[in-house]
Every structure is written in structure tokens, then in C-alpha cells.
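Below: one structure, written as C-alpha cells.
The values are calculated or read from the model by the stated rules, or taken from the named source; none is laboratory data. This structure is a prediction, so every number in the text was calculated from the model and none was measured. Note that we place each Cβ from the backbone using ideal geometry, even for glycine, and neighbour counts take in every protein chain shown. Accessible surface is based on the protein model in full, side chains and every heavy atom, while ligands, DNA and RNA are left aside. Shrake-Rupley method; radii C 1.70, N 1.55, O 1.52, S 1.80 Å.
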Amino acid sequence: MRLNLKLIVLVLFSAPLFCQVQEELDPPNNIKSIVFKGTTEDQFPIAQLGETILLEFDDILANEQDYYYKLVHCDYDWTVSDLLKSQYLVGTDNQRIIDYENSYTTLQPYSNYRLSIPNNNVRLKVSGNYLIEIYNNRYELQFSRRFVIYKDLVRVGAYVKRSRDFNYLNEKQVVQFSINATNFPLVNPKKEVKVAILQNYHWPTALYNVKPQFTLGNELVYKYDQETSFFGGNEFLNFDTKDLRAPSAIISRIELRDIYNHYLFTDRYRHERPYTYFPDINGDFVIRTLQGRDVSREAEYTNIHFSLPYEPELGLDNVYIFGKFNNYALNDENKMTYNEDTGKMEASLKLKQGFYNYKYVIERDNETVDLNTVCGNFHFTENNYTILVYYRNFGDLYDSVIGVGAANSREISN
């Protein structure tokens with residue numbers, strides 16, 4: 001009996017050691033154009049409990065392979081929560097995606113898959129962080145994506161200010177906000193409430209564990225400077241291939257081989273150039289075509305050719321093309337290589353027709369990612385900011401999301 005008690009104690013105290021952060025897994029090369037969004041046009045899947053989350057992707061093997069989905073509830077820090085499936089799901093997941101069709105009239109064949117949640121098989125019971133996992137018919141995990149479900153229980157007011165740190169006066173933006181919990185009683189807000197602050201819906205640069213600076217009645221106030229600051233970066237570069245045969249100010253020439261090839265004009269370094277505003281969609285992309293009505297299944301795939309002059313600031317580090325089109329992943333597919341004949345860093349990506357934002361980033365020493373050396377940092381840059389408010393009362397088994405706030409740096413002030 002004593003041995004069993006010791007075993008139980010050992011298991012209880014060892015359990016947290018096995019809690020792993022649920023990262024987003026990038027797909028194999030045959031899976032392309034993952035579109036994952038809530039009720040807005042932005043491809044950041046966030047929705048109120050009961051609203052619809054949409055997932056769409058292509059398989060360029062075009063063999064109508066079966067894919068299955070699984071839903072995982074996570075805590076604030078993206079570790080798996082203590083909830084049972086029956087506590088956060090009504091119905092069952094691990095179902096086959098049944099809405100799929102092959103492309104038609106396209107040079108690159110592909111199978112297009114669509115999934116909406118909730119659906120006839122499953123719906124979500126509680127708010128919080130979630131992970132959707134997609135498996136093939138051999139139950140091998142193909143890719144995963146994060147999404148957030150919230151309840152609108154508190155009001156979040158946010159605005160963007162210029163940094164007061166003279167070292168970053170012209171480079172950083174500061175997010176200041178308050179949480180009004182008038183209709184939601186908080187007993188110990190510094191322990192019950194946590195926030196996550198995202199710039200342009202980018203999880204790797206999100207800020208966590210920021211405590212309220214002070215409280216005013218039922219209002220939590222976050223008026224920090226350094227603690228809630230982000231580098232402004234620069235507006236994203238872009239190109240548009242909705243018309244397969246039309247060169248533009250961005251596209252220098254077009255060639256037709258097995259599929260279309262679009263060559264972009266060589267990009268420039270902007271870190272020492274004056275800031276110039278031009279509209280972007282903050283790293284996102286939109287699938288669209290003029291050659292068909294069903295955008296999802298008639299849009300072509302094209303090879304997009306990128307080039308960037310080699311400069312000493314790149315060193316011998318790795319340079320990548322960076323954007324929402326591949327969930328900001330750094331992999332061999334979007335890694336640039338040096339062309340001795342042209343003196344340029346070059347890469348080509350197979351992308352579906354549409355409007356795309358992108359930038360160039362540098363991976364230093366295979367550890368850190370330098371986001372803004374090529375493009376520059378400017379406090380004027382237009383960026384979206386999202387504040388997620390998490391809540392866990394004493395005795396609760398999970399972190400719920402009770403409010404969402406938003407701000408844009410177009411209205412930045414000193």
C-alpha cells in the first residue's frame with residue numbers, strides 16, 4: 001500500500017513536467033494555401049462562442065486523400081488544459097473532412113478541402129485557446145493551427161502611443177489599454193486575469209504575463225511604456241497575380257512553362273530610406289482570380305520568383321521570404337540562395353493566385369529571427385494590435401477568454 005501511495009505522489013508531482021507547449025506544425029510540401037479565419041476577413045481565427053471558424057487548404061497531389069481533424073483545448077500558455085473532451089466539445093471530433101473537390105481547368109491539379117466549426121458533428125462548449133490538428137488517412141499529423149474562442153464579457157479600450165524611450169523613439173510603438181469589468185465581478189484581478197498582446201496576429205512576437213499597472217474601481221489599467229512596446233517594422237511588400245497574364249509595377253515578366261511563372265522586380269533595402277506609407281494587409285494574403293468564378297477551385301498555382309541584392313548586413317546568415325502565406329514559417333521552401341551570376345539572393349515559391357504581403361527576414365545563428373534589418377523600423381508604420389483577456393477563477397480547470405480589444409497605429413499619438 002505504501003508503494004502505491006508513493007507511486008501516486010510521484011505521478012502527481014511529475015505530471016506538469018510532461019505539459020508541452022502546443023506549437024503550430026507546418027504542413028508537408030503537398031499541402032498549400034491554408035486559409036483559416038473567423039468571421040472577419042483577416043486570417044486570424046478568432047470568434048465568439050457559437051460563431052463559425054473556417055478552414056480551407058489544398059493538396060496538390062490531387063488524389064482526394066482523406067483528412068481528419070482533431071480539436072485540442074489549451075490554457076493561456078498553450079499547454080493542453082485539464083478539461084476532458086466532453087467538457088469542451090458537444091459531439092465528437094476526429095471526423096473526416098467531407099467537403100472536398102478537385103480543381104478544374106487548372107494547369108496545376110489540386111484537391112481543395114473545406115471545414116467549418118461548429119458543424120453537424122461537433123461544436124465548442126467553452127471559450128479559450130484551441131488547436132486544430134489535421135491528420136491523413138494513416139493518422140499522421142499533417143499540420144496544426146491555433147485559434148481563439150471568446151465570450152464578450154468585459155470591455156477593452158486600447159490605443160497606440162509613441163515610445164518614450166529615446167533609444168527607440170522613432171522605432172517602437174506602445175500599446176496601452178484598460179479592461180472595464182463593471183458587469184463581470186473580479187475578486188483578485190492580478191491573479192485571475194491575464195492578457196496576451198499581438199501585433200498583426202503574429203504569435204511568436206506576442207507579449208504575455210503583463211500585470212495591470214493599477215486599478216480604478218472595476219477598471220484594470222495598463223499604461224506601460226517598455227513592457228507593452230513593439231518594434232514598428234515597415235509596411236509589407238506585396239504582389240497581385242489575380243490576372244495571370246498581366247505584368248504590373250511589381251511583376252516584371254511572365255513566362256508559361258508547365259505552370260505560369262511570375263518574376264517580381266528586384267526589391268530594395270528600406271532600412272535607411274525615408275518611411276513611405278502605402279496600404280498593406282499586415283502580412284496577410286487573399287486568394288482571388290479573374291480567370292474563374294469559384295476562387296477556391298479555379299485559381300491557378302504560379303511560381304513566384306523573388307530577388308534581393310546581396311548586402312554585407314546579411315552576413316552569412318539565412319534569409320527567408322516571410323508572410324502569412326506559410327504562417328511565417330522558416331523552412332527550405334522559402335529560404336533564399338545566393339546567385340553568383342546576378343549577385344542576388346533568389347527564391348521561387350509556388351503560390352495560388354491572389355494578393356500577397358511579404359517581407360524579408362534574417363535568421364541569425366540559427367536561433368533568433370531579425371524581422372526588420374532589411375525593411376527598417378518606423379514608429380509611423382500601420383500595424384494592428386489585438387488584446388486577448390484571459391480569466392481563471394480559483395478552482396477553475398481552464399483559462400477562459402472573456403474579452404478582446406483592438407487598436408491600430410494609424411492613430412498613434414505622442
Open item on the list: If a residue must be within 26 Å of E382 (Cβ to Cβ), among the hydrophobic types (A, V, I, L, M, F, W, C) and either in contact (Cβ under 8 Å) with a residue 24 or more places away in the chain or open to solvent by 40 Å² or more (accessible area, probe 1.4 Å) (or both), how many such residues does segment 229-266 contain?
Closed with: 9
TODO: Would you tally the residues in segment 275-309 being outside any strand (DSSP E or B) and within 24 Å of K344 (Cβ to Cβ)?
DONE: 4
TODO: Within segment 216-264, track down each residue that is aromatic (F, W, Y) and closer than 25 Å to A181 by Cα.
DONE: Y222, Y224
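Of a type in the set (S, T, N, Q) and more than 30 Å from L83 (Cα to Cα), is that true of N414? Walk me through it before giving the result.
On the way: of a type in the set (S, T, N, Q): yes; more than 30 Å from L83 (Cα to Cα): yes.
Yes; evaluated as a whole, the condition is true for this residue.
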Task: Where a residue in segment 333-345 is closer than 12 Å to V319 by Cα and free of Cβ contacts under 8 Å to residues at least 60 places away in the same chain and its partner, wherever it lies, is assigned to a loop (DSSP other than H, G, I, E, B) and open to solvent by 30 Å² or more (accessible area, probe 1.4 Å), with Cβ under 7 Å and at least six apart - done: Y338/Y310; M345/Y310
TODO: Search segment 332-373 for residues being surrounded by 15 or more Cβ atoms within 10 Å (Cβ to Cβ), of a type in the set (S, T, Y) and over 20 Å from the mean Cα position of the chain (by Cα), and hand back the single one that is farthest from R288 (Cα to Cα).
DONE: T373
TODO: With respect to L61, determine if the residue is among the aliphatic types (A, V, I, L, M), assigned to a loop (DSSP other than H, G, I, E, B), surrounded by fewer than 16 Cβ atoms within 10 Å (Cβ to Cβ) and at pLDDT 95 or above.
DONE: yes
Open item on the list: Please go through segment 310-332 and give me each residue that is assigned to a helix (DSSP H, G or I) and without any contact (Cβ under 8 Å) to a residue 12 or more places away in the chain, ordered by number.
Closed with: P312, D332
- [ ] Among residues belonging to segment 374-399 that are outside any loop (DSSP other than H, G, I, E, B) and over 16 Å from N188 (Cα atoms), point out the one that is most open to solvent (accessible area, probe 1.4 Å).
- [x] N384
Open item on the list: Name the residue that is farthest from the chain's Cα centre (by Cα), counting only residues in segment 75-100 that are aromatic (F, W, Y) and assigned to a loop (DSSP other than H, G, I, E, B).
Closed with: Y76
